[in-house]
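These notes are about the structure you will find just below.
Just so you know, all these numbers are worked out from the coordinates, no wet-lab data involved. What you see is a predicted model; the values in this text were computed from it and never measured. For neighbour counting, all protein chains shown are included, and Cβ atoms are generated from backbone atoms with ideal geometry for every residue, glycine included.
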Amino acid sequence: MARITLVRGDITAQRVDAVVNAANSSLLGGGGVDGAIHRKGGPEILAACRELRASHYGGGLPTGQAVATPAGRLEARWVIHTVGPVWSAREDRSELLASCYRESLRVAGELAARTVAFPAISTGVYGWPMADGARIALRTVREASAESVEEVRFVLFDEAAYEVFAEAADA
Ligand code: AR6
């Protein structure tokens, strides 16, 4: 099983094989992690996303799925784009959130990535409560196995998010 590490920081500054992007189904960028990755990674990432749209995902990348592109100027080899579910108080979408982590790790395994950095998917613009998002993230990553992956690093943007993940990891 991969080693799970928690760091507070900016996901675009991670030196890893693959950085996971909390994207939207258009694959054409947005705010939050997505905006930061495209800004820092440069146009190569967007160009690859446009090609993927043209070849495979004309209707958009479905929620819960993941797909890889090169990482442009990031200190990583690949960006794995996944689309988290928007939080809903009425409908349980946790299986879709778990699927983001599982599918991203599956893609990382296909790429033979050894180190993978994840943000807390869906916990920003998409409104997922951090404690629940952390629980799902940690449980899914612990249960998933991608042969090549030695380290799964959760990169938490602020101290509060870091604390919530640390608590969930100890629970
Ligand atoms: N490094 C690490 N974590 C970050 C960073 C960063 N540079 N920036 C924000 N976070 P979000 P979502 C945290 O909104 O909720 C975009 O517009 C942030 O504090 O990036 O899945 C997409 O295009 C939060 O805890 O992703 C979609 O439309 C977490 O990362 C939509 O937002 C995720 O926040 C996706 O929303």
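Check whether at least one residue in the stretch 68-76 is within 12 Å of the ligand (Cβ to nearest atom) and of a type in the set (Asp, Glu), and report yes or no. There is no residue in the stretch 68-76 that is within 12 Å of the ligand (Cβ to nearest atom) and of a type in the set (Asp, Glu).
Scanning the stretch 79-98 for residues being touching a Pro at 6+ places or on another chain (Cβ under 9 Å) and within 20 Å of VAL19 (Cβ to Cβ) gives a total of 3.
Conditions tested, residue by residue: (1) surrounded by fewer than 22 Cβ atoms within 10 Å (Cβ to Cβ); (2) assigned to a loop (DSSP other than H, G, I, E, B); (3) not β-branched (Val, Ile, Thr).
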{"residue": "GLY58", "(1), (2), (3)": "yes, yes, yes"}
{"residue": "ALA76", "(1), (2), (3)": "no, yes, yes"}
{"residue": "ILE80", "(1), (2), (3)": "no, no, no"}
{"residue": "VAL86", "(1), (2), (3)": "yes, yes, no"}
{"residue": "ARG90", "(1), (2), (3)": "yes, yes, yes"}
{"residue": "GLU95", "(1), (2), (3)": "yes, no, yes"}
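Determine whether ALA47 is out of contact with any Gly (no Cβ under 7 Å at 6 or more places or on another chain) and surrounded by 15 or more Cβ atoms within 10 Å (Cβ to Cβ).
no
Within the stretch 60-74, the residues that satisfy the criterion of being over 18 Å from ALA13 (Cβ atoms) and crowded, with 17+ Cβ neighbours inside 10 Å are LEU61, THR63, GLY64, GLN65, ALA66, VAL67, ALA68, THR69. In the stretch 5-21, the condition of being away from the ligand (no atom under 13 Å from the Cβ), under 21 Å from MET130 (Cα atoms), touching a residue at least 24 places away in the same chain (Cβ under 8 Å) and assigned to a strand (DSSP E or B) is met by at least one residue. Taking residues in the stretch 69-86 that are in contact (Cβ under 8 Å) with a residue 24 or more places away in the chain and on the phi < 0 side of the Ramachandran plot, and partners anywhere that are away from the ligand (no atom under 14 Å from the Cβ) and among the hydroxyl-bearing types (Ser, Thr, Tyr), the pairs with Cβ atoms closer than 6 Å and at least 6 places apart or on different chains are VAL79/THR69.
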